Every structure is written in structure tokens, then in C-alpha cells.
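Each remark here refers to the structure printed beneath this line.
The values are calculated or read from the model by the stated rules, or taken from the named source; none is laboratory data. Worth saying up front: this structure is predicted, and the values here are computed from it rather than measured. Positions of Cβ are generated from backbone atoms using ideal geometry, with glycine treated the same way; all protein chains shown enter the neighbour counts. What goes into the accessible areas is simple: the full protein's heavy atoms, side chains included, and nothing from ligands, DNA or RNA. Shrake-Rupley method; radii C 1.70, N 1.55, O 1.52, S 1.80 Å.
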Amino acid sequence: MTEITVNVNGKSYTREIEPRMLLVHFIRDVLGLTGTNIGCETSVCGACTILMDGQAVKSCTQLAVQADGSDVTTIEGLASNGDLHPVQEGFWEKHGLQCGYCTPGMIMSGVDLLKNNPNPTEDEIRHGIEGNLCRCTGYHNIVKAIQYAAEKMQGGN
Amino acid sequence: MGKAIGQAIKRKEDPRLITGQAKYLDDIQLPGMVYAAVLRSPYAHANIKSIDTSEAESQPGVVGVFTGKDFADLNPLPCAWQAGGVNNNANTPRTLEIDKVTFTGAGVAVVVAESRYAAEDALQYIHVDYEVLPTVVDAKKATEPGAPQLHENAPNNICMEWTCGDEAGTDKALGEADVVVKQAIRNQRLLPTPMDSRGAIGIYSPVSEDYTVYMTSQCPHIMRLLMTAFVFGMPESKMRCISPHVGGGFGTKIFLYPEYCMVAAVSKKLGGLPVKWMETRRENYVATSHGRDHVTEFEVAAKSDGTITGLKVETYANLGGILSTIAPGIPTTLYGRMLSGVYKIPNIYCKVYGTYTNTGMVDAYRGAGRPEASYLVERAVDLVAQELGMDPTEVRRKNFIPPEAFPYAPASNILNGLKYDSGNYAGALDKALELIDYKNLRKEQEEARKAGRLMGIGFSSYVEICGVAPSAWVGLNGEGWGAGLWESANVRVHLTGQVVVTTGSQPHGQGHETTMAQIAADLLGMDVADVRVEHSDTLGTPFGYGTYGSRSATVGGTAIYNSVQKIIEKAKKIGAHMLEAAPEDVTFEDGKVFVKGSPDKAKTIQEVALAAAVAYDLPAGTEPFLDDTTYYDPPNCTYPFGTHVCIVEVDKDSGHVQIKRYLAVDDVGKKINPLIVDGQIHGGVVQGVGQALWEGAMYDDNGQLVSGSLMDYALPKAHYLPMIETDSTETPSPVNPMGIKGAGEAGTIASAQAVVNAVVDALAPYGIKHIDMPLTPQKVWEAIHSNGNGGN
Ligand code: FES
Ligand code: FES
């Protein structure tokens, strides 16, 4: 067993874990933050995407011990004081989700994308989320959701 | 109608989904929970000689190891839809297999441990002695002499031989035709891939001797019925089934699976510990049912003016090593019966062999039989056009069933007594042609060809059979379905004026909580926010058949509609009493009861609900409360239709296909929520495009699933695709009072052939007539280079 300390959504957690434990299992099973989903456990689908020190990472690709000392943001920590993040709002406004299973990961990738490229083209959005699979929406409304957020974050309404 | 139906309002379910608060199956944790991992057969065909679990039992954290013999008292899972009118040599899964396996991935043992890691670690310590047998994976080869035999009761691996239509008439039409085009096609096997794979939690109560089972199911009521009455042999009242949030289904979560029975049975063995099993993606690919997998030859007969006179089809449908819950119904009722498409084809005959092979189970996957039918018909029409040198839209137009012909019974009674409800097929085609500017497109194509670029335009004019119901049709009239197909609703207006609707259908992405609230709110003249939709728990909802076959709005929604109508009648009676008027003198409009002509003196539905609930002063003989339950069985299915157009460019040097534009013009009848309908179309289209270009489940000759992970199975990604342009025509269905036709599967049923037709059109200069899906760069390149022209 190894002890790690991870700051998740602004709160510090110190826990004893098996060294082989995946970060996504630490977040879901140890901390009980089940908003981050698992769609493949093999780094393909992106359902488990979180922000680690501000970067989007697939949390099934990381061991929990690699997150020792890091700042992690999960979908539960994205809204602030009850206000949805513009990307969350975009997904709601533009019907960017159906079953919602890919959505937390997709939203985290969208947040990361807009941080690096605040005004992306449609093509840049599509490439920006190429590591996230959605089986329901055909991506059309996900692209629109991220466009909505980009506009809103640029100061539009 | 009022103000809510037809509005593109945001979904009520989204806030919990976009904040991570929704609970999917794997999110549920219960005190004392233990975790199951299933040992699956690595062989596609083998006898199980013995299983030694002793070493696994002594591994750290392990609380139990069980094999099929431990559950020998449970019956095999039922096959609930045997093809109608023929022998079905049915063989179905057991909770865990005991004597033999017929596909890789069949469960043979289960480890239960204190953690999932411990359970999976211990799997390797179970020792199974297999006698490995020869395998066959191809639906047609399985029927040939010398093929390995999977089941004693199914000689030549034939589960069923089913026909529809008129063979003699069709042969005559083929004999008399000006042209006959013959084509062999494959509709490849697909892995449905909901992003949330399957899972279940079983909890047995030793005190009350009953079970609670959480499961990723599209139809928890049917699961309870099948598990209790057929597998466990006990009263339905002894089990409660709950579907939590379900992350997509696309058909695969309709069926009863062994693991759902396993968690319940294991919990009982462990004295009632909650047992959770959650599928990995690899397991999802080998052990959850697949879709399609047809090997087909067809002949289409036409006159030289393009009039189609006959269609003869022979299909080998791969059903896998063992039958999933409704497998035989898919390539029969939902396939053969739709082979007239949108056309007046005077002679049709179809023969289907359902066969066993050493592959995973095949059952309904989005569209289920109808995409295969629609693909075949639309390829056939294009082949006729190509043969006659006609424009593909002209051949379509020439053969369309005209608007005045509805209700229309396809020829040769292939629809077994049903009739297409309503349609204006040319209307949808015309709209599509106008929106894509067809004339100029063909010019553009000419210019592209001159410049050495391969541009293609593909059409798909489709019709589907949706709102799958009439119970008498699916059962009594010979389709072989083992139950009814009506749907239920309960509507209550509570004392506070809030409405609760419970439905027997089960949302897993479709947005029932919004659209069903829109129906009730619209009719009651209330805010959508004041209507709550409850579902997915056998404890709290009336029996219902669940969500599939684009039936939730058409059948489930109409049940709600009917209940609200009855509530309005009662509200009028009580309102009249409150207004001291005669019931026949009052009317109900905009949420108010008033004497006709005097709207200012009115009682709101909320006031009436309060009066009905407190029941101090009700008209004589009136029961308290505004509450109604409806069981609605429609008189017919519904038949959405439309035309899709795909424009592609093919790279001559690499064979790569790029979709330049995709336009969907759909007629789903009246829309309850256009935002949600569009979303359904987008997603459906992309699943069909995925089949056309990228997806394909590959088994090797030994029955190993080569495309067994998301790294090997090419699911569509965002950057492969353009925006999907959508538009619509609106031809209300006369089958239900709201005129709804259904929208869940239209996109998938329409799209694959639009893409393939576009690619074949692009390759027309090479004389290419057909390429089997998926149209990977390699296949397209090979086709370009195979006609002796070296690709130039
Ligand atoms: S679960 Fe991590 S990428 Fe799929
Ligand atoms: S919304 Fe269902 S997978 Fe994306």
C-alpha cells in the first residue's frame, strides 16, 4: 500500500492505496466521485477525461500514484457556486448529450480545448475532441455546444 | 393542441448529466457489496470436461467461486421471439454454461471477491479442461456439407428457414423482365458499442425471499418477467428490477443476459450480499449481442423504362452460437416484411436462413432488420438505374408508392396484413433535391471528373416500420412474438397541482423525461416544469414493454395522451360541479374548465385537482383524485420515411472516402420536440455512416473476435464527419391521435446506403457496380485497380 495526497476539486485527500490502482478507480471508488465514467479502460474512449494540473488526461491511463501531489478537477468540480461552466451550459443549450455517458469526459476535453484555443474553427473542435467517443450524438451538437461556449467565454452572451 | 408539443425545449434530464450527478449502474455502491468477474471461454467451440475452482477459492479477498453446475436448477434463458410460422431449433444461453460453449466469451465460471481487482486476479486460478472442437463462423458456410455442427437439434446449423411473399409470381416477373440485375451483398456484423457497457447488481433477501436486480436494461419489466417466470420459476412478485441511468443501448440492452440472472443467483448463494458485475469493453464486445451479419443474394427485375417488376432475395442471417432473446424475429419480421421499401414492387419473394455459427450472439441493433432491408432495396434501385443508364432519382420517382395509394399494402402480402400508414415519398425527395441543388451538383460532378477528381452523389429513399406494436399482429397473426407489445402510462395530478407521469418505457438517452412531460403539459395547459416523468423501476411503474423499435413516443406517448384525455373528462365533471353548471355545458381549454362562452369564470386544473384530492364536495358517484392508467395497443405500426443524400469525394490514390455533405430529409410525422428529433437523426445517421465506411466485427476462422477492443473496432470519431444537415416534411400518422411516426432509428435505417451509393457513383467511371461495406480505403483502392484499368 502507498499513501498519496491529491487535491480534487479544491479539497485535499490523503489515502492509502494499492500501487497498481488506476487514477479513475481512485476518483470513483475511493473518493466516491462517480461523475467520471469508464467506457473502455484502455485509453481510447475518453469517458474518463479529467483535468490534472490544468491538462486534460484520461484517468484510466494514469496510476493514482502518478497523481500524488497534483490538482485534479473532475466534472463535479467544474461548476462554481452553482453556476454552470460555459461548456456545461453549451451542452445543455445545444442538446450536446443524449445518454450522457460520454458527456463528463467530453466536457472536460472541451474545457481543455478552449483554454488552449479560445476561438476554434469547427475543424479544430473536431480534432480537439478526437480522443473522446460518443455513440449517441454523431458529434454534431457537441461541436455546436463547444462553439456556444467559445462564444460565451469570449464575452458574448 | 397547446403550447408544449412541437417546442424545441432543453431537456429536463440534462442538469444531472452535465454535472456528474447522474447514477449509472457502476456508480451504485451498497453496504457489503462484493464484486463478480466472469471467466469466459477462450474457445469458440468446445466441450467443458471439468472445472477446478479450488485454487481460485483460496485467493486473497475471494468470497466465492461458482460454475454452471451450481446453477443447474435455473432454466436456460428463454427465446421470446421465434420466427413466425416455421420451426425454430432454439438453443439459448444458461446462467453459466455447463457442458459446452459455442462462442468465445461464453461465461463458464464466476469469481466473487471483496474488490473487483481481487475478483479479476483470481480468474486465472480457475482451471477448465476443454475439449476443443472445429469451428465455423460464416452464416452460409455453416450450412454447407461437412461444416462443424453446433447443436444436435439444428441439422446443418439451421435454426430456421423462413419465407415471405410470392415465389412463383416473382420468378415469372424475373423471367419476363427487360433487365434483371443480380447482386451478392454482405451486411457486415457490427458491434453496437453503447459507451456504458452492461452491468448488474443482484440483492437477495433471505428474510422475504425475494430479489432486487439493478440492470442496464431497456425494458426492466420484461426482464423481471423473463427471469422469474422462465429462468427462476417463481412468481413475478418476488423480484424487483430497476434500470438506473443507462448510457445508451441501441438494442443490445433489450435482451435478457446470463449475467443478470447470475448476480441474483450468486447473491442468494452468498446469503444476500449485494453482488455487482460490470462488463469491461472487451467483454462487451465478445459477450453482448451484435448486429446485422447477413450474406445475401438478390435479383431485381425491371422494364427498360425503369419500372421495377420484381425482387427476389435469399439471405443467410448469422444468429451466433446461441440465440439471444429476440434474435429470430430480426431477420424475418423486421427485414423480409420491409423489402418493398418505398416502392410499388408488384412481386416480392424473400427466403431467410437463420444459422448458428461459432460467433457471438446477433440480435437487434439500432434499426434491427430494417437497415438491412433498406440497404438492399436502395442498392437494388441504384443497380437498376446504372444498368439502364438512368438517373437514380428518376428510377426512384418512377416506382414510388404515390400519396393517394395510402394506406398501402405492399405486394405479395409481405407485410402480413398490415399497411403503410401515410406517406409522400416524392415530397421528401423533391425537398432533398432542392436543398442540395441537384442540377448544379451533377454539373459540379462533371467538372470534378474532368479535373480528375472522383465526386459521388448517393441517395437513399427509405421507409421503416416503427412504433412496433399491434399485439395481435406480432403474436396471434403469426409473427411469433411471445407476448404483447402495448404500452402503459399512469398520469396523476397531485393535490399541489403537480403532475406525475409514469411510463412503462425506459429512457437511455432519448429524453423521455422531457418529451413525455411535453405531451402531458400541452394537453393539460400546464408548464412542462410541473410534470415529472417516472420510469425504469418495476416497483413504481405499471407493466410496460420498454424502449426499442422507435415506439416510446408513438405507443408510450399515446398511452399518456389517452390518460390525460380521461383526466380532462373527469376534471370537466368536477369543474362543472364547482361552477354549478351542467357537465355538458363546460369546456376545457388552456388548463381551465369553464362554461362555454364564459372563460372569465373558470376553475384551473390545479383548483380542480385540489378539489378532487381533498374530496370534500364532489359530484355524486365521482371518485376522489385525478388519476388514470392506460394500456394502449395501437391498431398498426407507423412508417416514417424520407430521403437522405450523401456527397463524397474519393481519393483515387489512397481509396480514402471523404464525406463532403450529408443531408437528411425525414418525415417522422408530428414532432414532439424538434431538438430531440434532430439529435436522434444525427446520431442515427452517424451509426449508419460508421457501418458504410469503417465499422466491422471480424472473427478469424477459429472464432476469435479480432476486432475485440475499441482500438481494433473503428467507431466514428468527430473529425471523420461533417455537420449533418437536417430538414423534414410532415405527414402525420393516422395511427395515433398526435400523428407521431417515431424517430429513433430513422437515421440508421436511411444512411448506410446513401454513403455506399455515393461511393459507387463516384467510381462509376471505372465501371464499378458494388463494393461491400465497410468501404475502407483498401477495398475502394482495390476496386479501382481491379477492373483492368490500373486506376487511371
Ligand atoms: S475509460 Fe479511459 S479512455 Fe476509455
Ligand atoms: S451522449 Fe451517449 S455516448 Fe455521448
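Residues in segment A:12-59 that are of a type in the set (S, T, N, Q), assigned to a strand (DSSP E or B) and within 16 Å of ligand 2 (Cβ to nearest atom): A:T49 alone. Residues of segment B:498-509 that are touching a helix residue (DSSP H, G or I) at 6+ places or on another chain (Cβ under 6 Å) and either aliphatic (A, V, I, L, M) or within 14 Å of chain A (Cβ to nearest Cβ) (or both): B:V499, B:V501. Residue selection: B:A559 fails the criterion of being at pLDDT 95 or above and small (G, A, S).
Condition first: part of a loop (DSSP other than H, G, I, E, B) and more than 9 Å from every other protein chain (Cβ to nearest Cβ). Now tell me which residues in segment A:60-84 satisfy that. Spell out the reasoning first.
Restricting attention to segment A:60-84, the residues satisfying the condition of being part of a loop (DSSP other than H, G, I, E, B) are A:60-62, A:68-70, A:74, A:78-79, A:81-82, A:84.
Residues satisfying the conditions are A:C60, A:T61, A:Q62, A:D68, A:G69, A:S70, A:N81, A:G82.
Taking A:G100 as the residue in question, decide whether it is assigned to a loop (DSSP other than H, G, I, E, B) and more than 22 Å from B:P722 (Cβ to Cβ). Outline the logic, then answer.
Values: assigned to a loop (DSSP other than H, G, I, E, B): yes; more than 22 Å from B:P722 (Cβ to Cβ): yes.
For A:G100, the condition - assigned to a loop (DSSP other than H, G, I, E, B) and more than 22 Å from B:P722 (Cβ to Cβ) - is met.
Every test in (1) within 16 Å of ligand 1 (Cβ to nearest atom); (2) at negative phi is passed by B:A119 save one, and that test is (1). Scanning segment B:196-223 for residues that are free of Cβ contacts under 8 Å to residues at least 60 places away in the same chain and over 20 Å from B:L273 (Cα atoms) yields one hit, B:M223. For segment B:724-733, the count of residues that are closer than 18 Å to B:E649 by Cβ, open to solvent by less than 20 Å² (accessible area, probe 1.4 Å) and not polar (S, T, N, Q) is at least one. Note on segment B:133-155: residues that are small (G, A, S), on the phi < 0 side of the Ramachandran plot and in a loop (DSSP other than H, G, I, E, B) amount to 3.
In the list B:E283, B:E314, which residue meets the criterion of being without any contact (Cβ under 8 Å) to a residue 60 or more places away in the chain and either surrounded by fewer than 24 Cβ atoms within 10 Å (Cβ to Cβ) or of a type in the set (F, W, Y) (or both)? Give the derivation first.
Numbers: B:E283 fails: without any contact (Cβ under 8 Å) to a residue 60 or more places away in the chain.
One residue alone meets the criteria, B:E314.
Evaluating B:A743 against the criteria (1) open to solvent by 10 Å² or more (accessible area, probe 1.4 Å); (2) assigned to a loop (DSSP other than H, G, I, E, B); (3) in contact (Cβ under 8 Å) with a residue 60 or more places away in the chain; (4) closer than 20 Å to B:F459 by Cβ leaves one unmet condition, (4). Meeting the requirement of 3 or more residues that are within 9 Å of chain B (Cβ to nearest Cβ) and among the charged types (D, E, K, R), the helices (runs of 4 or more DSSP H) wholly within segment A:103-157 are A:122-128. Would it be correct to say that B:G703 is more than 8 Å from every other protein chain (Cβ to nearest Cβ) and over 20 Å from B:E649 (Cα atoms)? Yes, satisfied.
Of all the numbered requirements in (1) in a loop (DSSP other than H, G, I, E, B); (2) within 23 Å of B:F400 (Cα to Cα), B:P635 misses one, and that requirement is (2). Candidates B:A118, B:A83, B:A22: the one that is touching a Pro at 6+ places or on another chain (Cβ under 7 Å) and within 14 Å of chain A (Cβ to nearest Cβ) is B:A118. Tell me whether segment B:429-436 contains one or more residues that are in contact (Cβ under 8 Å) with a residue 60 or more places away in the chain, open to solvent by less than 70 Å² (accessible area, probe 1.4 Å) and under 30 Å from B:C350 (Cβ atoms). Yes, there is a match, as at least one residue in segment B:429-436 is in contact (Cβ under 8 Å) with a residue 60 or more places away in the chain, open to solvent by less than 70 Å² (accessible area, probe 1.4 Å) and under 30 Å from B:C350 (Cβ atoms). Of all residues in segment B:485-531, those being more than 16 Å from ligand 2 (Cβ to nearest atom), assigned to a loop (DSSP other than H, G, I, E, B) and open to solvent by 10 Å² or more (accessible area, probe 1.4 Å) number 8.
A count restricted to segment A:86-113 and to residues that are open to solvent by 10 Å² or more (accessible area, probe 1.4 Å) and more than 16 Å from ligand 1 (Cβ to nearest atom) stands at 8.
Could you grab the pairs with beta carbons closer than 9 Å, sequence gap of 6+ or different chains, first residue in segment B:58-71 and under 11 Å from B:V108 (Cβ atoms), second one in a helix (DSSP H, G or I) and of a type outside the set (V, I, T)? Going by the 9 Å Cβ cut-off, the qualifying pairs are B:F66/B:M262; B:F66/B:A265; B:F66/B:K269.
Only one of the listed residues (A:G54, A:G10, A:G46) is within 11 Å of chain B (Cβ to nearest Cβ) and either under 30 Å from A:C136 (Cβ atoms) or open to solvent by 60 Å² or more (accessible area, probe 1.4 Å) (or both). That residue is A:G46. Does B:I158 satisfy being open to solvent by 20 Å² or more (accessible area, probe 1.4 Å) and on the phi < 0 side of the Ramachandran plot? In short, yes. For segment A:18-25, indicate whether the set of residues that are surrounded by 19 or more Cβ atoms within 10 Å (Cβ to Cβ), more than 10 Å from every other protein chain (Cβ to nearest Cβ) and either of a type in the set (A, V, I, L, M) or touching a helix residue (DSSP H, G or I) at 6+ places or on another chain (Cβ under 6 Å) (or both) is non-empty. For segment A:18-25, residues surrounded by 19 or more Cβ atoms within 10 Å (Cβ to Cβ), more than 10 Å from every other protein chain (Cβ to nearest Cβ) and either of a type in the set (A, V, I, L, M) or touching a helix residue (DSSP H, G or I) at 6+ places or on another chain (Cβ under 6 Å) (or both): present. Restricting segment A:124-153 to residues that are free of Cβ contacts under 8 Å to residues at least 40 places away in the same chain and surrounded by fewer than 21 Cβ atoms within 10 Å (Cβ to Cβ) leaves a set whose member that is farthest from ligand 2 (Cβ to nearest atom) is A:E151. Would you mind telling me which numbered condition in (1) open to solvent by less than 10 Å² (accessible area, probe 1.4 Å); (2) within 14 Å of another protein chain (Cβ to nearest Cβ); (3) touching a Pro at 6+ places or on another chain (Cβ under 7 Å) B:C241 fails? B:C241 satisfies every listed condition except (2). Name the residue that is nearest to ligand 2 (Cβ to nearest atom), counting only residues in segment B:162-180 that are surrounded by fewer than 21 Cβ atoms within 10 Å (Cβ to Cβ) and in a strand (DSSP E or B). Step by step, filter segment B:162-180, then rank; the result is B:T163. B:K10 falls short on exactly one of the conditions (1) within 14 Å of chain A (Cβ to nearest Cβ); (2) under 22 Å from B:T216 (Cα atoms); (3) assigned to a loop (DSSP other than H, G, I, E, B); (4) touching a residue at least 60 places away in the same chain (Cβ under 8 Å), and that condition is (2). Does A:E130 count as within 13 Å of ligand 1 (Cβ to nearest atom) and at pLDDT below 95? Taking the combined requirement at face value, the residue does not satisfy it. Check segment B:324-335 and report whether any residue there is within 14 Å of another protein chain (Cβ to nearest Cβ), in a loop (DSSP other than H, G, I, E, B) and either touching a helix residue (DSSP H, G or I) at 6+ places or on another chain (Cβ under 8 Å) or under 30 Å from B:A119 (Cβ atoms) (or both). Checked against the condition, which is being within 14 Å of another protein chain (Cβ to nearest Cβ), in a loop (DSSP other than H, G, I, E, B) and either touching a helix residue (DSSP H, G or I) at 6+ places or on another chain (Cβ under 8 Å) or under 30 Å from B:A119 (Cβ atoms) (or both), segment B:324-335 yields no hits at all.
Given A:T74, A:T61, which one is open to solvent by 10 Å² or more (accessible area, probe 1.4 Å), touching a Ser or Thr at 6+ places or on another chain (Cβ under 8 Å) and hydroxyl-bearing (S, T, Y)? Talk me through it step by step, then tell me what you get.
On the way: A:T74 fails: open to solvent by 10 Å² or more (accessible area, probe 1.4 Å).
Testing whether each residue is open to solvent by 10 Å² or more (accessible area, probe 1.4 Å), touching a Ser or Thr at 6+ places or on another chain (Cβ under 8 Å) and hydroxyl-bearing (S, T, Y) leaves just A:T61.
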